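First comes the structure, then the notes that go with it.
The values are calculated or read from the model by the stated rules, or taken from the named source; none is laboratory data. Only a predicted model underlies this, so the values are computations on that prediction, with no experimental measurement involved. Note that we place each Cβ from the backbone using ideal geometry, even for glycine, and neighbour counts take in every protein chain shown. Heavy atoms of the whole protein, side chains included, go into the accessibility calculation; ligands, DNA and RNA do not. Shrake-Rupley method; radii C 1.70, N 1.55, O 1.52, S 1.80 Å.
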Amino acid sequence: MGKNKKLPRPKARLPKGLRDIDAEEIRARDGMLRTIRHVYDSYGFEPLDTPAFEYTDALGKFLPDQDRPNEGVFSFQDEDEQWLSLRYDLTAPLARYVAENYERLPKPFRRYQSGPVWRNEKPGPGRFREFIQFDADTVGASSVAADAEMCMLAADALEALGIERGDYVIKINNRKVLDGVLGSIGVDSDGDDYLSKRLTILRALDKYDRLGGEGVKLLLGEGRKDESGDFTKGAGLSSEQIEPLMAFVVAQGNGRSETLSTIEELVRGNEVGQQGIDELKTIDALLSASEFATDRVVIDPSIVRGLDYYTGPVFEAELTFEVKDEKGRPVRFGSVGGGGRYDGLVARFKGQPVPATGFSVGVSRLYTALSTLGKLEETAPFGPVVVSVFDKANLADYQKLLAQLRAAGIRAEVYLGNGKMGQQFKYADQRRSPCVVIQGPDEKEKGEVQIKDLIEGAKAAASVASNEEWRSERPAQFAVPEEKLVEAVREVIARHET
RNA sequence: GCCGCUGUAGCUCAGUUGGUUAGAGCGCUUGAUUGUGGAUCAAGAGGUCGUAUGUUCGAUUCAUACCAGCGGUACCA
């Protein structure tokens, strides 16, 4: 780098994994959030906001150590040297909130919450280090009716967002069933390396949708080498152990009850597994009673979800259609939401068990999917009406016109730049203004204003060849008396709406 | 973390079998038009060819390392 005497300039750059959000996306996203909120509200949940960061130990992370000070989370120290971390989901702060306010909250406590969360991980396609989640949780209800409700909530929310039935599916599984299958093949808490082995197995099963049966088999056995040459160590199971696991993963049948009877066989005799099956059966019955059929909610034994805190039913929302990207390659949108039962989270604070279950919509990812699909409603097709500045000495006149428009509820601004008339129109064009208001000396004298319909004018431009013609014709421009300004602007806007 | 691909103007990309002043289109600025968007025409701004080291008389070009981006994979409460 050069050593000249100029002040070193910072480089204008965005940290990786972060994004700027433009007006169009903000509008669309606000609409999505409103829609989801409406559904959650109708289910009886109450809003809650918590801060962006918390004490690190309250979030459930170990204190950052020297080796990996920021593993997974963004952390920093307060002035009293206590560690703080940006929240990485909305569930951990909820657990803290419930534990801290337990006595005065109604039980069960039902809340929804949306906002950004941060993860210090390698960003990938569709994965960012800051993204928005929208959660609903019921804390203090051990009944699986609460879990069944989460599935209904998820399905209703996706449909309210305009995703048609059949274009999404809510998948359910149960951690207890998974543990039951593990128990029946001899992987249980008696084994010395039980925890790490269970983890490896669950991770392997979780990849079924991506790697397929062969890949998962390798990961359960000796390990797998991927196409880039990287080797992943396997769980080291014998083929007698792998077989029932594979049978379990592919057990999804034609309808929820068929799936259930298949996996019931696989956990036969295992108490925890049977308990999980019974829970799924109850959920199935509740869903069926509410007419949530298998075109909306299925039981999928290959669903695992995060590994740490889920203790019972787990859910995942997936979009099922395929879309092609700019290069014509098919893009699959994976999970756009998920959740499950976490009976141990609040107990971390309180000692006593507090059952809880919840569902989280990945708003950012859903936005990407919907916008790729073109399923987002066009919002704000117009920019503001621009009152042009013919002469800065007469700004007060323009301000008066502007005030009339604003008082009438019309989005409007006076041109605040330095440009000449031509530049002002260019500006208005860029802003997608429906029209420009012009008042030069001639108009002023006659008590008139010129209104230039930019949208009509753009159409007219196609048939105008020469510049002289373009200028002399002044396409789609007309004069009205000053007092008719609002009326005329309304007409122009109305003409182009819908 | 591991593997692979890519790095030339704001964007999309040419190009140099190693040679003096590195190009195009689009975009941007200004003007033709002293009161009018588009189209057209003209002019202009904008690059230490990702960074460093090495080979060489000479490197944007070759080699190595690093960095960044992308993709895959691993991890992901």
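For the range A:228-251, name all the residues that are out of contact with any Pro (no Cβ under 7 Å at 6 or more places or on another chain), over 17 Å from A:R198 (Cα atoms) and in the same structural domain as A:P301 (by TED's automatic domain parsing).
Across the range A:228-251, the qualifying residues are A:A247, A:V250.
Hey, among the residues in the range A:440-456 that are of a type outside the set (D, E, K, R) and open to solvent by less than 10 Å² (accessible area, probe 1.4 Å), which one's nearest to RNA strand B (Cβ to nearest atom)? Can you show your working first?
Looking only at the range A:440-456, we keep the residues that are of a type outside the set (D, E, K, R), and these are A:440-441, A:447, A:449-451, A:454-455.
Subsequent filtering for residues that are open to solvent by less than 10 Å² (accessible area, probe 1.4 Å) retains A:440, A:449, A:451.
Numbers: A:G440: 3, A:V449: 9, A:I451: 10 Å.
Among residues in the range A:440-456 that are of a type outside the set (D, E, K, R) and open to solvent by less than 10 Å² (accessible area, probe 1.4 Å), the one nearest to RNA strand B (Cβ to nearest atom) is A:G440.
Of all residues in the range A:160-180, one or more are assigned to a helix (DSSP H, G or I), among the hydrophobic types (A, V, I, L, M, F, W, C) and within 20 Å of A:Y40 (Cα to Cα). Selection of the range A:105-138 for residues being away from RNA strand B (no atom under 16 Å from the Cβ), over 14 Å from the mean Cα position of the chain (by Cα) and modelled with pLDDT of 95 or more yields A:L105, A:P106, A:P108, A:F109, A:R110, A:R111, A:Y112, A:T138. As a summary of the residue check, A:F359 satisfies the conditions (1) more than 22 Å from the chain's Cα centre (by Cα); (2) modelled with pLDDT of 95 or more except for the one numbered (1). Among residues of the range A:1-23 that are on the phi > 0 side of the Ramachandran plot and not assigned by TED's automatic domain parsing to the domain that holds A:F128, those with a Cβ under 7 angstrom from a residue that is modelled with pLDDT of 80 or more and of a type outside the set (S, T, N, Q), sequence gap 6+ or separate chain, pair up as A:G17/A:P123; A:G17/A:F128; A:G17/A:R129.
Within the range A:225-259, being buried (at least 21 other Cβ atoms within 10 Å of the Cβ), under 32 Å from the mean Cα position of the chain (by Cα) and part of a helix (DSSP H, G or I) holds for A:F248, A:V249, A:R256, A:T259.
Candidates in the range A:412-424 are the residues that are surrounded by 15 or more Cβ atoms within 10 Å (Cβ to Cβ) and either among the polar types (S, T, N, Q) or closer than 16 Å to A:V489 by Cα (or both); of these, the one that is nearest to RNA strand B (Cβ to nearest atom) is A:Q424.
The listed residues are A:A396, A:A460, A:A403, and the only one of them that is within 8 Å of RNA strand B (Cβ to nearest atom), in a helix (DSSP H, G or I) and of a type outside the set (D, E, K, R) turns out to be A:A460.
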